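Here the structure is laid out as structure tokens; the discussion comes afterwards.
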Amino acid sequence: MGFDASGITSWDSALIVFVGRAQAAAARLGADFDMSGLPEGAQRVFRLAHAVPPRSVTAAAGERLGLVGRIGKAAIDLAGAVRDVFTFVGDVAIALIRFVTGRARFRRPDFVTNFADCGPGALPIVSLISFLTGMILAFVGAIQLTAFGAQIFVANLVAIAMAVEMGGLMTGIIMAGRAGASFAAQIGTMQVNEEIDALRTTGLSPVEFLVLPRILALFVMTPLLALYANFLGIMGGALVGVMLLDLSWEGYIAQTKSALDLSLFARGLIKAAVFGVLVAMAGCLRGMQCGRSAEAVGKVTTSAVVTSLVLIVVADAIITVVYNAIGW
Amino acid sequence: MAVAGPVAAAPARDHIVVSGVTVGYGERVIQRDLDFIIRRGDIFIIMGGSGCGKSTVMRSLIGLVPPQQGKVMVDGTSLWDLDEDARQQYIQRFGALYQSGALWSSMTLAENVALALEQFTQLSPAEIRELVRLKLALVGLAGFEDFYPSEISGGMRKRAGLARAMALDPEALFFDEPSAGLDPISSRLLDDLIQELRDSLGATVVMVTHELPSIFAIGTNSVFLDAETKTMIATGDPKVLLAECEDPRVRRFLTRGEDNPTEAASAAPPMAQSRP
């Protein structure tokens with residue numbers, strides 16, 4: 001097999017690929033292969049491309065598994081993931097003990113920054129969401145309750161729903177999107193930049209130094225924000241009550257007061273604290289698991305938010321059942 | 001294995017002894033059966049082609065990646081047989097400079113250098129400030145105390161990382177590709193700085209690199225890791241290796257491919273030279 005390239009005026013990489021195919025075909029047929037007819041440059045490029053035989057990469061890369069293999073691999077991966085979670089929870093518990101006994105190593109300014117970022121920094125979005133949630137609850141209630149002429153009970157509905165459920169839940173979800181995602185991205189980027197390794201070789205535990213301040217920040221700030229969300233939600237409900245249902249401000253507020261007691265708030269705030277810890281743990285764990293690429297940072301951030309949301313809803317369900325069981 | 005030790009200078013004490021070490025992640029072995037000795041005051045080069053696992057080997061020396069087999073002895077104590085706290089004590093006597101500098105990006109240069117001092121010494125804030133200024137001045141960054149890592153150039157970040165690595169006056173300094181991404185002059189200056197610090201502070205230096213100029217300029221001992229066979233194929237003073245080592249892979253690396261052994265290598269059975 002040979003080439004006559006006398007008609008070629010210019011060529012590009014497609015020619016080299018074609019010659020490669022021709023060579024393979026010639027080898028299959030056992031024919032001689034002679035590329036002396038090709039332009040000088042093309043011959044050189046072809047030889048360069050085939051100078052190093054393709055290296056058979058060992059394992060890792062693209063081994064294809066059957067169905068059984070994939071299920072088995074998923075099970076092994078799951079076992080690893082579960083172990084990671086337990087190890088992490090254990091590390092956090094140890095760090096917490098060291099913190100309580102005053103032996104944990106961290107920087108005070110980091111604490112302040114984390115508290116400020118997670119708390120006051122979230123006020124605008126929490127205000128908006130909880131105010132609207134209160135309004136939505138009032139609207140939904142108004143349609144039903146007006147049918148019975150019981151408009152005033154919109155105040156009860158909004159107050160109780162916000163205090164027990166929606167205040168904490170909405171704050172938790174906002175924290176997942178805001179703080180959880182940012183924790184995962186921050187710690188993940190530190191992982192990419194070897195900053196976590198640098199902490200370890202300096203003798204500092206990343207869990208004490210990075211994770212603990214973040215968990216404590218959300219543990220404290222989520223209930224506070226939830227409390228604030230409760231009040232704004234009630235205000236949103238009151239706005240609907242006054243504008244749409246012709247209730248008086250005084251009447252609405254008085255009805256709200258009669259509907260609420262401290263234990264209702266406590267129920268909601270305990271939930272909020274649990275959500276805060278879960279969001280922080282999910283964000284930090286995912287960040288620590290980050291690989292060493294930009295893509296990995298994106299992945300762990302997504303995963304942190306998804307994990308947080310799942311945990312929040314599951315925890316909410318469990319806590320509600322527990323409250324029910326203990327008759328609270 | 002071609003062993004070409006330095007020509008009997010003052011008998012230096014062994015600092016870090018690596019014996020039978022295999023490193024890897026999970027089931028994947030990256031380097032196996034490593035045996036080499038880093039003496040006090042050495043500038044020890046871990047060299048080899050890209051992707052042969054140099055950095056991973058270094059990570060197992062500084063306590064980040066546990067070896068799958070073998071021992072890393074530091075001053076006669078097996079690093080990985082210690083419990084976590086005791087190991088931490090050993091590791092604190094090391095300083096490490098990572099490939100990208102790995103400065104903590106949320107802190108200024110001064111805070112980066114100060115952190116270890118704040119956490120592990122009883123020094124007063126004023127004393128720490130002075131020490132930080134000294135360390136930054138040593139690496140030529142006086143006046144940059146309040147800059148954030150993102151505000152300075154790559155070469156400056158490397159030097160700041162070096163200042164941070166020296167914060168606790170370590171007995172051994174580890175460098176992961178110190179000259180990667182630096183222009184030839186900055187890279188030369190960094191080499192000079194490393195040598196100067198070794199001479200003045202008496203620290204052992206372990207350097208992962210494939211920069212030939214650095215290797216010959218400052219290396220006093222070395223180990224050559226091979227990616228294909230996943231093990232070491234030579235150890236000794238790089239200048240002596242260049243003159244005496246007969247392994248074609250080592251020769252090709254050290255001569256930047258000019259000493260082209262392709263004919264010799266394809267004529268001889270490929271493994272003939274490895275670890276006789």
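The values are calculated or read from the model by the stated rules, or taken from the named source; none is laboratory data. Predicted model only: the values in this text are computed from it and were never measured. As a convention, Cβ positions derive from the backbone with ideal geometry for all residues, glycine included, and neighbour counts pool all protein chains shown.
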> Would the range B:19-35 turn up any residue that is more than 14 Å from every other protein chain (Cβ to nearest Cβ), out of contact with any Pro (no Cβ under 6 Å at 6 or more places or on another chain) and either without any contact (Cβ under 8 Å) to a residue 40 or more places away in the chain or closer than 24 Å to B:Leu190 by Cβ (or both)?
Replying inline: no
> Quick one: in the range B:90-100, which of the residues that are more than 8 Å from every other protein chain (Cβ to nearest Cβ) and within 24 Å of B:Gly140 (Cα to Cα) is surrounded by the fewest Cβ atoms within 10 Å (Cβ to Cβ)?
Replying inline: B:Arg93
> Which ones in the range A:34-54 are among the charged types (D, E, K, R) and not in a helix (DSSP H, G or I)?
Replying inline: A:Asp34
> loosely packed, with under 10 Cβ neighbours inside 10 Å and of a type in the set (A, V, I, L, M), is that true of A:Val52?
Replying inline: yes
> Quick one: would you say A:Ala179 is under 30 Å from B:Trp104 (Cβ atoms) and either free of Cβ contacts under 8 Å to residues at least 40 places away in the same chain or assigned by TED's automatic domain parsing to the domain that holds A:Val297 (or both)?
Replying inline: yes
>> Among (1) out of contact with any Leu (no Cβ under 9 Å at 6 or more places or on another chain); (2) assigned to a loop (DSSP other than H, G, I, E, B); (3) more than 9 Å from every other protein chain (Cβ to nearest Cβ), there is one condition B:Phe144 misses while meeting the rest; what is its number?
In response: (1)
> Is it the case that A:Ala60 is among the small types (Gly, Ala, Ser) and either within 30 Å of A:Ser205 (Cα to Cα) or modelled with pLDDT of 85 or more (or both)?
Replying inline: no
>> I'm told A:Val164 meets every condition in (1) touching a helix residue (DSSP H, G or I) at 6+ places or on another chain (Cβ under 7 Å); (2) free of Cβ contacts under 8 Å to residues at least 40 places away in the same chain; (3) farther than 30 Å from A:Ala104 by Cα except one. Can you identify the failing condition by its number?
In response: (2)
> Would it be correct to say that B:Ala180 is at pLDDT below 85, within 30 Å of B:Trp104 (Cβ to Cβ), surrounded by fewer than 23 Cβ atoms within 10 Å (Cβ to Cβ) and small (Gly, Ala, Ser)?
Replying inline: yes
> Taking the range B:54-89, which residues are more than 12 Å from B:Val223 (Cα to Cα), more than 13 Å from chain A (Cβ to nearest Cβ), surrounded by 22 or more Cβ atoms within 10 Å (Cβ to Cβ) and not aliphatic (A, V, I, L, M)?
Replying inline: B:Pro67
> A:Asp197 is checked against (1) out of contact with any strand residue (DSSP E or B) (no Cβ under 9 Å at 6 or more places or on another chain); (2) farther than 30 Å from A:Thr133 by Cα and fails just one. What number does that condition carry?
Replying inline: (1)
>> Which count do you get for residues in the range B:226-248 that are of a type in the set (D, E, K, R) and within 21 Å of B:Ile38 (Cα to Cα)?
In response: 5
>> Only one of B:Ala114, B:Ala126, B:Ala142 is surrounded by fewer than 15 Cβ atoms within 10 Å (Cβ to Cβ) and modelled with pLDDT of 90 or more. Can you tell me which?
In response: B:Ala126
> If we keep just the residues of the range A:7-33 that are in a loop (DSSP other than H, G, I, E, B) and among the hydrophobic types (A, V, I, L, M, F, W, C), which is nearest to B:Ala227 (Cα to Cα)?
Replying inline: A:Phe33
>> Show me the helices (runs of 4 or more DSSP H) entirely contained within the range A:100-172 in which 1 or more residues are within 14 Å of another protein chain (Cβ to nearest Cβ) and under 28 Å from A:Phe219 (Cβ atoms).
In response: A:108-118
>> I need every pair where a residue in the range B:249-264 that is under 20 Å from B:Met232 (Cα atoms) and of a type in the set (Val, Ile, Thr) has its Cβ under 7 Å from the Cβ of a residue that is modelled with pLDDT of 75 or more and crowded, with 19+ Cβ neighbours inside 10 Å, sequence separation at least 6 or different chains.
In response: B:Val250/B:Phe224; B:Val250/B:Ile233; B:Val250/B:Ala234; B:Val250/B:Leu241
